[in-house]
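Read the structure below first, then the notes.
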Amino acid sequence: MPLVVLCGFPCSGKSGRAKELAEYLAAGAFGVRKVHTVGEEGLGLQRDGVYADSLKERELRGTLRAEVERKLNKEDVVILDSLNYIKGYRYELYCLIKHIQTPHCLIYCVTAPEVSSGWNSKREPENRYTQEIFDALVQRFEAPDSRNRWDSPLFTVQKDDTLPLEDICNAIFHRKAPVPNQSTQTQPLSSTNYLHELDKVTQDVVMAILNAQKTSVPGDVIAVPGANEKIELTRTLGIAELRKLRHQFISYTKLHPNENISQLANMFVQYLNKSTH
């Protein structure tokens, strides 16, 4: 169903606002809603280690985006609680909701850098940013602009403001989803054999993983048919999760077809590794 994106400096109150909105929705003011909050909490990340390394930061954004995509459905609300400070990344999320055809909105938590820095200093050491990383993130921050369709509707809240819960709910429940355009609609495939191969290859990979897990443990590397890439087994993958990821990959590949059929298995393995870490 709808996607709510939080945005702001580090330690600007985003998680508190996300919790406030989740509790309001769960209370049933707009009907009984299941709410999924997606964020960095629970990923076991060392913040400075991630944001000091551009590759690790890109991987984090990819992980969060994949989790949002997995959670979005016709009934639930997904709240993305992260910095979301890059304009291009917010545009990627907008393209995702256009493809799924669900509404979204952005909540921008505005604080002065010195206020956020003060809140950061009061955090537990393992959840705290060093001042150097904090200053770098503030400097790189790309503020949302409601004139951009991917930043609209935009709700800007100062630290002492009351969160406009009713207006936010009206925006995500009573607005029409953005209309897909050519870039987000499934394009016709030129090869009639492509869909058959896509279905067969992904099914073979899923079966290979399920069979290998019978004798494997987390930490093992699994070889799959037709791929040079290998599955990095960080945890046991259930059949329901693998089927869901397979369907997501098929949908994405239809949207961005690659006529090089020999690469389908490698592409699927890469997608699984990225989505399950």
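Remarks
- Relative to one another, the C-alpha centroids of segment 97-169 and segment 1-55 are positioned 10 Å apart.
- Taking the convex hull of Cα positions in segment 1-120, its mean projected area over all directions (nm²): 7.6 nm²
- Percent antiparallel among DSSP beta bridges (both partners in the chain, rounded to 5): 15 percent
- Model label zone, D48; criterion: amide N under 19 Å from point 7 Å along Cα-to-beta-carbon; scope segment 113-128: 116-128
- 30 Å Cα-Cα threshold exceeded, pairs from K87/K230; K19/K214; K122/K176; K14/K274: K87/K230; K19/K214; K122/K176
- Fully extending the segment from D167 to K244 would add 24.4 nm, taking 0.36 nm per residue of separation and subtracting the current Cα-Cα distance.
- Over segment 194-276, the ratio between the Cα radius of gyration and 2.2 N^0.38 Å evaluates to 1.01.
- 3J(HN,Hα) couplings calculated from phi for segment 51-64 with the Karplus curve 6.51 cos²θ - 1.76 cosθ + 1.60 (θ = phi - 60°) are, in sequence order, 7, 8, 10, 4, 5, 5, 5, 4, 4, 4, 4, x, 5, 5 Hz; Gly and Pro show x.
- Remark: segment 116-121, residue by residue, has Karplus-estimated 3J(HN,Hα) of 4, 4, x, 5, 4, 5 Hz, where x stands for each Gly or Pro and the curve is 6.51 cos²θ - 1.76 cosθ + 1.60 at θ = phi - 60°.
- Distant-in-sequence amide contacts of V38, defined by a placed amide H-H separation under 5 Å and a gap of 5 or more residues or a different chain, comprise I79, L80, D81.
- Residue range of the chain that is longest and free of GluC sites (Glu not before Pro) which are both DSSP loop and sparsely packed (at most 10 other C-beta within 10 Å): 76-258
- Charges were assigned to the Cβ only: +1 to each Lys and Arg, -1 to each Asp and Glu. The resulting dipole of the chain about its Cα centre is roughly 640 debye.
- What the phi angles of segment 228-245 give under the Karplus curve with 6.51, -1.76 and 1.60, with θ = phi - 60°, is a coupling list of 7, 5, 10, 6, 8, 7, 8, 6, 6, 9, x, 5, 5, 5, 5, 5, 5, 5 Hz, glycine and proline written as x.
- Two-site label geometry, A27 and M207: point separation in nm, points 7 Å out along Cα→Cβ: 5.2 nm
- Label point distance in nm, V217-K274, each placed 7 Å from Cα along Cα→Cβ: 3.1 nm
- Per residue, the chain reaches -14500 deg cm²/dmol at 222 nm when only DSSP H runs of four or more residues are counted, each adding -39500 (n - 2.57).
- For segment 3-173: relative contact order, % (alpha-carbon pairs under 8 angstrom, 6 or more apart): 36 percent
None of the figures in this text is laboratory data; all of them are computed from the coordinates on show. None of these values were measured; they are calculated from a predicted model. Quick reminder, even Gly has a Cβ in these numbers, built from the backbone with ideal geometry, and neighbours come from all protein chains shown.
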